[in-house]
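The values are calculated or read from the model by the stated rules, or taken from the named source; none is laboratory data. Owing to the predicted nature of the structure, the values given are computational and were not obtained by experimental measurement. Using ideal geometry, Cβ is built from the backbone for each residue, glycine included, and neighbour counts are taken over all protein chains shown.
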Amino acid sequence: METLHALIGSQGDDITWWQMSLRAALIFLLGMLMVRFAATRAFGKWSALDIILAVVVGSNLSRAMTGSAPFLPTIVATTALLGLHAALASASARWSWLSTLTKGSSVALVKDGVADEEAMRRAGIGEGDMRMALRAAGLDDLEDVESAALERNGDINIAGR
């Protein structure tokens with residue numbers, strides 16, 4: 001623990017701007033992991049990158065505004081966080097493995113009219129959710145579905161027969 005505090009500082013006024021920036025990056029990455037492994041539908045159409053950025057930037061700016069954190073180091077750390085977000089978003093566009101890691105992948109829910117109950121349970125999709133998606137696609141029954149997938153943005157995409 002002492003090594004960690006030597007690297008990122010303890011609490012209070014003794015934290016330097018670079019320690020606060022490192023803290024911001026660590027919180028960003030840890031938050032990404034937490035949100036990434038939460039249910040896809042929990043956050044709607046936002047990616048884990050966007051959710052963590054919004055939460056941490058909002059928190060940082062609030063602390064700088066109220067004076068509970070030093071102004072300039074907090075702004076520098078927040079700017080570093082924005083740079084990290086931009087770098088990860090750009091890298092995710094280039095490398096599909098990173099895109100899958102940060103944004104997730106689609107989950108097959110229905111194939112040839114048969115629901116994959118295990119996949120639906122893991123994705124947090126209930127029978128009512130599937131019926132709603134069927135109605136939105138203009139279909140009445142699973143038998144009319146060639147395939148359905150939970151997309152990484154939280155939408156259920158249905159292809160009828």
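Just a few scattered comments:
- Just one of (1) assigned to a helix (DSSP H, G or I); (2) modelled with pLDDT under 80; (3) surrounded by 17 or more Cβ atoms within 10 Å (Cβ to Cβ) fails for GLN19. It is (2).
- Residues in region 135-147 that are surrounded by 12 or more Cβ atoms within 10 Å (Cβ to Cβ), under 13 Å from VAL110 (Cα atoms) and over 26 Å from the mean Cα position of the chain (by Cα): LEU142, ASP144, VAL145, GLU146.
- Within region 77-112, the residues that satisfy the criterion of being farther than 22 Å from ASP50 by Cβ and surrounded by 15 or more Cβ atoms within 10 Å (Cβ to Cβ) are LEU109, VAL110.
- Every residue from region 41-71 that is out of contact with any helix residue (DSSP H, G or I) (no Cβ under 7 Å at 6 or more places or on another chain), more than 19 Å from ASN153 (Cα to Cα) and at pLDDT below 85: SER62, MET65, THR66, GLY67, SER68, PRO70
- Counting only residues that are over 12 Å from ILE158 (Cα atoms) and either among the small types (Gly, Ala, Ser) or more than 23 Å from the chain's Cα centre (by Cα) (or both), region 116-134 holds 8 of them.
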